[in-house]
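In what follows, a single structure is set out as structure tokens and then discussed.
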Amino acid sequence: MNLLKSPLRRTTAVLAGAFIGLAGAVAAAAPASAHHPLVSPESSCVNEDGSWKVTWKIENSEKDLTAEVIRIGAQPKDKSELSGVEAGATIPKNGEGALTAEQTLTADAKGARLVVKAKWIRGDKEIKEEAKGELPKPTEACKPEQPENPPTQPSPPAEQTPTPILEFTCDTMTIGIDNTTDEDITLLLTTSKGEKRTLEVKAGEKGTEKFSASEGFSVTVGAEGTEETEKVDFQQPENCAGEGAGGPVLPVTGAAAGGIAGGAGLLLAVGGVLFFLARRRKVKFTA
């Protein structure tokens, strides 16, 4: 009897093993066991107040199917908030991108967890799987956030500088300014003979004063609002011998005036006015 049963048992065992192997092969091929979201922390840091944050990356296990997030939750619930990803979001195919979620946690939260449940549609079958990522509180401090588009500072207005005017003839000297600023300027002119004149030049206008002059003559230039003064010496043009009144004209304006007046560049006191009126700049006859 035992001899009859032994072959039967062996056959049964073989059949059972075959079915087990077949079942195992079917289970390995079943798509449900392979589909799952991939959840991993991408970065984390601690803020100055002790609170901290984690940036999570959510990827797809499947290269040929996208997945839909059907549930996502951050833990501990009472100590954290989640942003960036909500239910209904699409997880790209594996290798074609990922979703990014940011979890912020209170200072007393010791660890962070993100749970993601997703679904896939393969043929006529719906597959649902869940995965989670976990991370203890980090020690690295967060870097200060920089604005993406920092505000640009408006360019300061271009500086407006009056242009000095200086002209010499054989027996006259003319001095003044081309006032290119937006302020009225008043010059105080005192000759070497003791004569005093006031020259008011409106913003955007030109103004000059003419003096009879000869060798040794000079005009000291000052301006209202400052104590600074500069002396301008008369310099007779060449070829004046035998000329009548006026004679050759030697006009000197702007940068060239410094060379004619000599010294280290004639400082017309208009600049002193602007300096002390808060613009803090001077006008020079400089080359």
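The values are calculated or read from the model by the stated rules, or taken from the named source; none is laboratory data. The model shown is predicted, which means the values in this text are computed figures rather than measured ones. Reconstructed Cβ throughout: ideal geometry from the backbone, glycine too, with neighbour counts over all protein chains shown. Each accessible area value is taken on the protein alone, full model and side chains, heavy atoms only, with ligands, DNA and RNA left out. Shrake-Rupley method; radii C 1.70, N 1.55, O 1.52, S 1.80 Å.
If you take every residue apart from residue 100 with its C-beta less than 11 Å away from the C-beta of residue 100, what net charge results, scoring Lys and Arg +1 and Asp and Glu -1?
Once positives and negatives cancel, what remains is -2.
In square angstrom, what is the accessible area per residue of segment 33-192 with a 1.4 angstrom probe?
Roughly 57 Å² per residue, with all protein chains present.
Do the alpha carbons of any pairs in 53/128; 53/125; 77/125; 93/143 sit beyond 30 Å of each other, and which pairs?
In this structure, 53/125; 77/125; 93/143 lie more than 30 Å apart at Cα.
Tell me which residues come under 5 Å, amide H to amide H, from residue 171 once H is placed; ignore anything under 5 positions away on its chain.
246
How far apart, in nanometres, would the label points at residue 142 and residue 209 be if each is projected 7 angstrom from Cα along the Cα-to-Cβ direction?
Inter-label distance under the simple model: 6.8 nm.
What is the distance, in nm, between label points placed 7 Å from the Cα along the Cα-to-Cβ direction at residue 43 and at residue 229?
Label-label distance for residue 43 and residue 229, simple model: 6.7 nm.
Not counting ligands, DNA or RNA, and with a 1.4 Å probe, what is residue 195's accessible surface area in Å² rounded to the nearest 10?
The accessible area of residue 195 comes to roughly 80 Å².
With unit charges on the beta carbon (Lys/Arg positive, Asp/Glu negative), name the residue among 225, 213, 199 whose Cα is farthest towards the positive pole of the charge dipole of segment 165-230.
Farthest towards the positive end: 213.
For residue 202, give me every one of the aspartates and glutamates with a C-alpha distance below 17 angstrom, ignoring sequence neighbours fewer than eight places off in its own chain.
Output for residue 202: 178, 182, 183, 184, 224.
With a 1.4 Å probe and all protein chains kept in place, how do 175, 121 rank by accessible area, largest first?
121, 175
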